[in-house]
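The values are calculated or read from the model by the stated rules, or taken from the named source; none is laboratory data. Just so you know, these numbers come straight off a predicted model, no measurement behind them. Cβ coordinates were reconstructed from backbone atoms using ideal geometry, including for glycine residues, and neighbour counts include every protein chain displayed.
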Amino acid sequence: MTEQIIISNPAKHSIFTNRWGRITLWFLVVALVATSLGIVGHIAYFYYRSDHVGHLLSLKEQLQISQIQKNSGNKNYSCTPPAENDANPIPAGLLSIPSIGLNQAPVVPGTQGPELNVAIGHVTTSVWPGQIGTSVLSAHDVTWFSHTPSLNPGDTIEYETACFIYKFSVTSHEIVSSQSTITNTNYPSLILDTCWPINALYLTNTRYLTFSKLISEVPNALPITTKLQSGATLNIPASPALASAAKFTFPYLPFPLGVLSFGGNPSTTWEQSTGPTDAEVPTVEDFYDAIYSAQHNNPTWFSQVAPTVPFKNTGVIQNSTEIKYVSDVNPTLIVQNTTLVGYSISGYMLVIGGNAPGKYSYTVTATVTNKTLYINSFQFGSYG
């Protein structure tokens with residue numbers, strides 16, 4: 001008698017052919033995709049916020065340094081670093097490492113999430129850079145300190161405040177445990193601290209340290225004699241009522257600030273002076289005053305900052321409930337030699353609610369008359 005071996009069809013018992021199995025698998029796939037998108041979105045937002053807010057903090061400190069330099073005869077200011085403030089990190093100085101392309105990165109007190117997400121943090125139990133002892137500055141490996149392993153002995157690290165510029169020379173590197181202790185030196189030294197391995201998108205228990213020692217300390221002397229002579233002090237014609245309502249607070253702006261550029265024919269002397277930073281804040285404030293006036297359907301306010309522009313030109317944003325800026329706000333300063341003669345700002349926005357919700361391009365231009373900014377063109381165009 002021949003023995004028969006019956007091989008059951010595995011497909012009949014597969015999760016892929018079972019109805020509820022397929023449904024379960026489908027939900028698992030959807031959950032996995034959603035989780036992956038969430039992680040990618042979180043990383044993208046982290047990089048965007050780090051770059052955007054970090055740029056604003058850097059600009060704020062540059063302006064602070066500029067203002068103190070312009071009033072260098074006034075001894076009523078202090079270079080004492082600000083206190084740690086998780087809710088609103090305040091820059092204490094700027095860190096630059098030319099050999100790895102790090103330029104004027106903001107340094108704030110504290111090393112918690114709110115600080116390290118937007119700036120380089122100062123370990124508050126250490127001294128500040130330039131003081132006798134070891135100063136420790138920390139940053140995420142995937143942001144400001146992502147290239148510190150490529151530093152070589154002798155490379156320069158610069159820490160700038162309104163009062164001094166401290167220069168350190170790199171001496172060595174070391175990979176240590178996160179629980180390691182650091183020896184305090186009897187001379188001014190600086191350690192840059194970040195996670196190891198570099199570019200790890202997760203918390204690690206090892207740290208990459210870059211050691212350096214102070215080699216020079218000089219008073220911070222910006223080129224005051226070459227600062228913008230004509231138009232350095234710009235007036236905004238907004239009334240106190242408009243200014244109070246708009247509540248424009250730099251650098252915490254209601255729109256993403258991008259890159260400052262120059263048009264016209266600016267001199268090299270002007271570009272290397274405090275002229276650009278002197279002009280950027282009133283420029284973006286003037287722009288926002290006009291947007292705010294139109295959005296809140298107030299032709300009186302709008303006419304203050306744009307006296308020659310018909311209010312009807314702003315119809316697409318009048319009475320809107322929200323304006324989302326699709327692109328960064330990138331001011332272009334128009335300069336002839338050392339004189340600011342105007343500015344232009346263009347970009348894209350999404351208008352929600354109001355008279356004409358939708359996606360629009362915008363272009364705003366202004367001129368300077370008697371050191372006062374006046375908008376002379378306000379235009380919108382559809383896109384998308």
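Could you tell me how many of the residues in the range 290-303 are out of contact with any Ser or Thr (no Cβ under 6 Å at 6 or more places or on another chain), buried (at least 16 other Cβ atoms within 10 Å of the Cβ) and part of a helix (DSSP H, G or I)?
Going through the range 290-303 one residue at a time, the tally reaches 4.
Step by step: first the residues of the range 150-181, then only those that are loosely packed, with under 15 Cβ neighbours inside 10 Å, closer than 16 Å to T194 by Cβ and modelled with pLDDT of 85 or more, then the one that is nearest to the chain's Cα centre (by Cα). Which residue is that?
Of everything passing the filter in the range 150-181, S150 is nearest to the chain's Cα centre (by Cα).
Select, from G113, G93, G121, G130, the only residue that is crowded, with 17+ Cβ neighbours inside 10 Å, farther than 21 Å from T183 by Cα and assigned by TED's automatic domain parsing to the domain that holds Y208.
G93
For the range 127-182, name all the residues that are among the β-branched types (V, I, T) and in contact with a Leu (Cβ under 9 Å, 6 or more places away or on another chain).
Of everything in the range 127-182, those that are among the β-branched types (V, I, T) and in contact with a Leu (Cβ under 9 Å, 6 or more places away or on another chain) turn out to be T134, V136, V142, T143, T148, I157, T161, V170, I175, V176, I182.
Here are some residues: T363, T339. Which one is in contact with a strand residue (DSSP E or B) (Cβ under 6 Å, 6 or more places away or on another chain), β-branched (V, I, T) and modelled with pLDDT of 90 or more?
T363
Pick from the range 201-232 the residues that are in contact with a helix residue (DSSP H, G or I) (Cβ under 7 Å, 6 or more places away or on another chain) and modelled with pLDDT under 90: which of them is surrounded by the most Cβ atoms within 10 Å (Cβ to Cβ)?
L228
Can you work out which of the residues in the range 248-289 that are surrounded by fewer than 21 Cβ atoms within 10 Å (Cβ to Cβ) and in contact with a Ser or Thr (Cβ under 6 Å, 6 or more places away or on another chain) is farthest from V305 (Cα to Cα)?
Among those that are surrounded by fewer than 21 Cβ atoms within 10 Å (Cβ to Cβ) and in contact with a Ser or Thr (Cβ under 6 Å, 6 or more places away or on another chain), it is T269.
Check H140, H147 and return the single one that is crowded, with 17+ Cβ neighbours inside 10 Å, touching a helix residue (DSSP H, G or I) at 6+ places or on another chain (Cβ under 8 Å), within 18 Å of R207 (Cα to Cα) and in contact (Cβ under 8 Å) with a residue 12 or more places away in the chain.
H140
For the range 89-96, indicate whether the set of residues that are among the aliphatic types (A, V, I, L, M) and modelled with pLDDT of 90 or more is non-empty.
Checking the range 89-96: at least one residue is among the aliphatic types (A, V, I, L, M) and modelled with pLDDT of 90 or more.
Determine the pairs where a residue that is free of Cβ contacts under 8 Å to residues at least 40 places away in the same chain, located within the range 350-376, has a partner that is part of a loop (DSSP other than H, G, I, E, B) and buried (at least 20 other Cβ atoms within 10 Å of the Cβ) with Cβ atoms under 9 Å apart, the partner being 6 or more residues away or on another chain.
Cβ pairs passing all conditions: V351/S320; I352/S320; G353/S320; P357/S320.
Being of a type outside the set (D, E) and free of Cβ contacts under 8 Å to residues at least 40 places away in the same chain is the filter; apply it to the range 111-125 and report the residue that is farthest from D193 (Cα to Cα).
Among those residues, the one meeting the criterion is P114.
Return the only residue of I375, I352, I323, I334 being surrounded by fewer than 23 Cβ atoms within 10 Å (Cβ to Cβ), among the hydrophobic types (A, V, I, L, M, F, W, C) and within 23 Å of P266 (Cα to Cα).
Residue meeting the stated conditions: I334.
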